[in-house]
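S.K.: Quick one: the structure is below, questions incoming.
Quick note: the coordinates plus some simple rules give every number you see, no bench work behind them. Since we're looking at a predicted model, the values are computed, not measured. Cβ placement follows ideal geometry from the backbone for every residue including glycine, while neighbour counts extend to all protein chains displayed.
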Amino acid sequence: MSVTQLCYRSRIHWPALRHSLDEEVERSLTRIRRINSMAGVTGALILTDNHVFQLLEGPWPSVKRTFECVLEDRRHSDLTVLSNEEQDFRLFHNCWMHFCDLREEADSHYPSFSAISLPILTAPAVKR
Ligand SMILES: Cc1cc2nc3c(=O)[nH]c(=O)nc-3n(C[C@H](O)[C@H](O)[C@H](O)COP(=O)(O)O)c2cc1C
């Protein structure tokens, strides 16, 4: 069965935040994940210092309804759709909204380059 994958970028609209950004994200993610699981919408949300990227995937009617809610949310603006296409599979299967915080001052969810590369660089050479 084909799914729609819609990806957009938007700018955080700071005056519309009622709480700190961390708190807004935490509260919204809980709510978003509950709604998305009922709607069958999976995807990912990436936060940078001033922007948001989001991938929404699922049956087109569900993605369309979700995207309409996204568009109405005043906490972001300048929304640009980057892609909107049909695919044969989901990229974020069973993940109602993966979250990745890429703000500069935030603790990265991913190990740094050195943390990844160090064990490789220091591992003994494999003898053949
Ligand atoms: C960056 C961003 C991502 C969002 N993603 C979703 C989503 O995946 N699913 C959804 O139903 N609503 C999504 N929304 C819409 C809001 O969560 C929705 O308007 C919600 O009802 C707001 O309620 P709240 O103020 O309690 O968080 C998103 C909004 C923003 C700003």
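S.K.: Out of every Cα-Cα pair in the stretch 1-63, what percent are more than 16 Å apart?
M.R.: 52
S.K.: Out of residues 5 or more away from Met97 or on other chains, whose amide H comes under 5 Å of its own, with H placed 1.01 Å from N in the peptide plane?
M.R.: Under 5 Å from the amide H of Met97 lie the amide H atoms of Gly43, each far enough along the sequence or on another chain.
S.K.: Could you run the Karplus curve 6.51 cos²θ - 1.76 cosθ + 1.60 with θ = phi - 60° over the stretch 34-40 and give me ³J(HN,Hα) per residue in whole Hz, x for Gly and Pro?
M.R.: Values per residue, Gly and Pro as x: 5, 5, 5, 5, 6, 8, x Hz.
S.K.: Order by neighbour count: Trp96, Trp14, fewest other Cβ atoms within 10 Å first, most last.
M.R.: Sorted ascending by nearby Cβ count, the order is Trp14, Trp96.
S.K.: Each residue of the stretch 78-94 in order: what ³J(HN,Hα) in whole Hz does its phi give by Karplus 6.51 cos²θ - 1.76 cosθ + 1.60, θ = phi - 60°, with x for Gly and Pro?
M.R.: After applying 6.51 cos²θ - 1.76 cosθ + 1.60, I find 6, 6, 10, 6, 8, 7, 7, 9, 8, 9, 8, 8, 8, 7, 10, 4, 6 Hz.
S.K.: Using 0.36 nm times the number of residues separating Arg33 and Leu21, minus their current alpha carbon distance, what extension gain do you get?
M.R.: Once the chain is fully extended between Arg33 and Leu21, it gains 2.6 nm.
S.K.: How big is the Kirkwood radius of the stretch 3-121, worked out from every pair of different alpha carbons and given in Å to one decimal?
M.R.: 15.3
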